[in-house]
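Trainee: Below: one structure in structure tokens.
Each reported figure results from applying straightforward, stated rules to the coordinates on display, with no laboratory input. Computed from a prediction, not measured in an experiment: that's the story for all the values here. In this analysis, Cβ positions are derived from the backbone assuming ideal geometry, glycine residues included, and neighbour counts consider all displayed protein chains.
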Amino acid sequence: MKIGFVSLGCPKNLVDSEVMLGLLAQSGNEITTSQEDAEVIVVNTCGFIESAKQESIDTILEMAQQKIKGKCRKLIVAGCLVERYRKELMEQIPEIDAVIGTNEIPDILKVCGEAPQIGSVPQYQSRELYLYSDFDPRVLTTPGYSAYVKIAEGCDHPCSFCVIPQMRGPFRSRPMDSILREASSLAKQGIKELNLIGQDTTMYGWDLENRRGLADLIRGLGEVEGIEWVRVLYVYPNNVYDELLEAIAQTPSACKYIDIPLQHASRRVLKSMKRGGNRSSLSRLIERIRSGIPEVAIRTTMIVGFPGEKEEDVDELMGFVEEMRFDRLGVFTYSDEEECAAYPLDDKVPEDVKKDRQKRLMELQAGISREKNRQMIGKCLPVLVEGLSKESDLLWEGRLSTQAPDIDGVVYLNDGVSEQTRPGDIVPVRITEAHEYDLVGTVQCLVPSV
């Protein structure tokens with residue numbers, strides 16, 4: 001059977017898609033990238049915020065058209081949107097033949113294989129919480145040199161703006177030996193870069209009675225032959241411990257990079273978000289990270305427009321960002337979701353005000369980023385080559401170890417790329433130009449700086 005697959009949302013959802021693809025391929029199905037040729041189409045949805053929900057609905061409706069004009073006989077909807085709106089999806093989109101949630105991934109074989117039931121939509125709600133392992137097959141959809149590895153699933157934090165605990169369940173870690181086996185297997189397939197993901201990677205191992213689990217895991221991954229870069233994403237600020245910083249600093253393959261969503265700097269807003277902390281405590285945390293990991297690049301995200309946010313809160317956030325001078329920064333506008341604890345709060349911020357605050361903060365960060373990038377000019381650094389640039393087929397592009405895939409900038413390679421250069425090569429590059437978020441360099445220096 002020919003099966004088409006559309007994966008939406010974050011890298012954590014992408015790993016779920018890759019496992020489902022692996023199960024389907026292992027069972028003898030043919031995976032096709034052609035929507036027109038697919039006999040079954042699976043849409044793995046995101047349901048985190050309003051824009052993601054709308055993208056998911058639009059994609060479902062678009063794929064439903066293939067049941068009219070293509071070869072599609074069955075439309076399957078999976079993922080986070082199912083966890084939030086299972087009943088509504090079944091009732092309001094009759095083209096859907098089956099739905100499965102985030103804990104029913106193994107049931108993808110069942111729903112793709114059985115015939116549609118007249119008058120009802122098959123749904124599968126497993127009693128046990130799902131957590132994939134190295135024994136589960138995966139079809140990687142990332143480039144052949146890079147992969148995401150989900151080290152844990154679920155979340156125990158009570159953030160008032162977030163519905164992830166309701167969609168993904170409580171926090172649970174994968175056994176470390178399973179992750180190390182998977183890393184070794186990926187390395188044998190040619191993977192050089194691992195991006196560790198989870199809702200809160202710093203809690204890794206806590207449920208397995210190892211409060212220093214992530215530090216131990218990083219050191220263990222540092223011994224896996226063939227893995228040259230290990231990057232940690234989704235660090236929770238309250239859980240950063242010294243042994244973790246030491247492990248990143250001391251493990252050669254660990255990227256000197258921290259992705260740590262802070263969300264705000266105003267004590268009042270953070271308290272309402274149920275995050276805790278304030279500008280002073282977060283400043284001390286950032287300084288501790290920079291002291292513990294020399295030359296570290298720090299990425300964070302902020303939310304503006306949270307209910308009750310005042311101009312003085314935004315001023316404090318702007319001052320914090322200007323003071324901390326983050327290497328990377330993303331800014332989101334608050335999305336009012338029904339199941340969130342913040343949903344009943346009064347004093348909602350109008351959409352146009354949210355957008356204005358987002359714009360102001362990103363304009364501030366653009367100047368900071370440009371200045372930091374200019375400091376890179378003249379340096380010779382290792383770059384992971386990714387291939388021809390998405391901007392122009394006259395350029396190649398790659399990434400520094402301090403640039404995560406898809407969310408950070410890139411390094412454009414305008415000279416020195418040889419006929420022998422291949423995607424996945426890590427080559428020394430001298431930085432020659434700097435822009436707001438991207439760099440330009442030439443592959444010509446002989447020894448990368450450290």
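Trainee: Kindly flag which residue pairs out of Lys348/Lys372; Lys310/Lys359; Lys274/Lys348; Lys87/Lys354 have an alpha-carbon separation exceeding 24 Å in this structure. Show your work: numbers first, answer last.
Mentor: Numbers: Lys348/Lys372 35 Å; Lys310/Lys359 16 Å; Lys274/Lys348 17 Å; Lys87/Lys354 32 Å.
Violating the 24 Å Cα-Cα cut-off are Lys348/Lys372; Lys87/Lys354.
Trainee: OK, next. Among 260-267, 431-438, how do they line up by average Cβ neighbours within 10 Å per residue, starting with the highest?
Mentor: On the way: 260-267: 22.0, 431-438: 16.8.
Packing proxy ranking, top to bottom: 260-267, 431-438.
Trainee: Can you compute the helix-only [θ] at 222 nm over the chain? Use -39500 (n - 2.57) per DSSP H run of at least 4 residues, normalise by all residues, nearest 500 deg cm²/dmol.
Mentor: Working: 13 runs with 148 residues, N = 450.
Counting only the DSSP helices, I get -10000 deg cm²/dmol.
Trainee: Related question: Tell me, what is the FRET efficiency for Glu128 and Glu209 to the nearest 0.05, using R0 = 22 angstrom and their Cβ-Cβ distance as r?
Mentor: On the way: r = 21 Å, r/R0 = 0.94.
Given R0 = 22 Å and the Cβ-Cβ separation, E is 0.60.
Trainee: Taking the Cα atoms of the stretch 2-124, what is the range of coordinates along each of the three principal axes, in descending order and whole Å?
Mentor: 34, 31, 25
Trainee: Here is a further query. Determine the shape class of the stretch 146-374: with a ≥ b ≥ c the square roots of the Cα gyration tensor eigenvalues, call it rounded for a/c under 1.5, and otherwise prolate if a/b is greater than b/c, oblate otherwise. Could you put the intermediate results ahead of the total?
Mentor: On the way: a/c = 2.10, a/b = 1.51, b/c = 1.39.
It comes out prolate by the Cα gyration axes.
Trainee: Beta carbons within 10 angstrom, averaged per residue: use that to sort the peptides 411-422, 177-188, highest first.
Mentor: On the way: 411-422: 15.2, 177-188: 17.7.
Sorting 411-422, 177-188 by mean packing, highest first, produces 177-188, 411-422.
Trainee: Indicate the gyration tensor shape class of the stretch 372-450 (rounded, prolate or oblate), computed on the Cα atoms with a ≥ b ≥ c the square roots of the eigenvalues: a/c under 1.5 is rounded; otherwise a/b larger than b/c is prolate and the rest oblate.
Mentor: Working: a/c = 1.40, a/b = 1.08, b/c = 1.29.
Judged from the Cα gyration tensor, the stretch 372-450 comes out rounded (a/c under 1.5).
Trainee: Still on this structure: Would you pull out the residues with amide H under 5 Å of Arg231's amide H, same chain only if 5 or more places away, H placed 1.01 Å from N?
Mentor: Sorted by chain and number, the residues that satisfy this are Leu194, Asn195, Leu196, Cys255.
Trainee: For the chain, what does the relative contact order come out to in percent, with C-alpha contacts under 8 Å and a separation of six or more? Before the final figure, lay out the partial values.
Mentor: Numbers: 919 pairs, mean separation 42.8, N = 450.
Relative contact order comes out at 10 percent.
Trainee: In nm, to one decimal, how far is the Arg325 label point from the Ala366 one, both placed 7 Å along Cα→Cβ?
Mentor: Result: 2.0 nm between the two label points.
Trainee: Just the number, please: Stokes-Einstein D of the chain in µm²/s, Kirkwood Rh from C-alpha pairs, 25 °C, 0.890 mPa s. Please list the in-between numbers first.
Mentor: On the way: Rh = 23.3 Å.
The diffusion coefficient I find is 105 µm²/s.
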